[in-house]
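These notes are about the structure you will find just below.
The values are calculated or read from the model by the stated rules, or taken from the named source; none is laboratory data. Predicted model only: the values in this text are computed from it and were never measured. We place every Cβ from the backbone using ideal geometry, glycine too, and count neighbours over all the protein chains shown. For the accessible areas, the whole protein counts, side chains as well, though only heavy atoms, and no ligand, DNA or RNA atoms are used. Shrake-Rupley method; radii C 1.70, N 1.55, O 1.52, S 1.80 Å.
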Amino acid sequence: MNDLSHGHPTPPADAIVDISSDPARLDIGFIHHALSTQTHWAKDIPRVTLMRAIAHSLCFGAYATHVEGGAARQVGFARVITDRATFAYLADVFVDPSMRGLGIGKRLCESVLAHPALQGLRRFLLATTDAAGLYARYGFEPLDPVNKMMQIHRPDIYTGPQDAP
């Protein structure tokens, strides 16, 4: 991976990445590899399951624009599950390890929250184990200690036999 700061001050994230919600630009191979091998929440997710999730979500890609010897490449991702009127859930946010610390996660979050389809929502949720500080900057706050949220959680669903939708 390229070190963008090699011998130079690190440029701001808006100078090194382009954020886009164009689904045609998504690098499914990059996204699948990262989610299935580098995250705890989507470990072993089947590619077909990920493709179905992406097809039914509003997705954002972060693309490095200053890459030595080549075209822009995808370096980050965020997915929003939403009805585009009242509710959204931010999921699958990640930045390539080689590009962390450059403000790309912040740019992704800002782009998600500024998207026209996500304005005026009554509730916007996310779950995080390690980035609460980042999301708090944008108005996210923990649910009340006693809340009405409930779940069905199947943590091993990606490792068992897969049924077609």
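Would you mind computing, in nm to one decimal, how far apart the modelled labels at Arg47 and Leu118 are, each placed 7 Å from Cα along Cα→Cβ?
About 2.7 nm, to one decimal.
For the stretch 16-137, what does the accessible surface come to per residue with a 1.4 Å probe? Please give it in Å².
Working: 6140 Å² over 122 residues.
With the other protein chains kept in place, the stretch 16-137 gives 50 Å² per residue.
Taking trypsin sites (Lys or Arg not before Pro) that fall in a DSSP loop and have at most 16 other Cβ atoms within 10 Å as cut points, what is the longest piece of the chain between them?
Details: sites that count: Lys43, Arg84, Arg100, Arg122, Arg137, Lys148.
Of all site-free stretches, the longest is 1-42.
So what are the three principal axis dimensions of the stretch 16-137 from its Cα atoms, in whole Å, longest to shortest?
Per principal axis, max minus min of the Cα coordinates gives 44, 30, 29 Å.
Any idea what the dipole of the chain comes to, in debye rounded to 20, about its Cα centre with Lys/Arg Cβ at +1 and Asp/Glu Cβ at -1?
On the way: 15 positive and 16 negative charges, 77 e Å.
In debye, rounded to 20, the chain gives about 360.
If you roll a 1.4 Å probe over the chain with all protein chains in place, what percent of the accessible area is carbon or sulfur? It would help to have the intermediate numbers written out before the result.
Details: 5590 of 10360 Å².
Result for the chain: 54 percent of the exposed heavy-atom area is carbon or sulfur.
Could you grab the relative contact order for the stretch 16-137? Cα pairs under 8 Å, six or more apart, rounded to a whole percent. Before the final figure, lay out the partial values.
Values: 176 pairs, mean separation 27.2, N = 122.
It rounds to 22 percent for the stretch 16-137.
Nearest 10 degrees is fine. How inclined is helix 28-38 to the longest principal axis of the chain, computing both from alpha carbons?
70 degrees
When the chain is fully extended, how far beyond the present Cα-Cα distance does His153 get from Arg100, taking 0.36 nm per residue of separation?
Numbers: separation 53, 0.36 × 53 = 19.08 nm, distance 2.97 nm.
Here the segment from His153 to Arg100 would lengthen by 16.1 nm.
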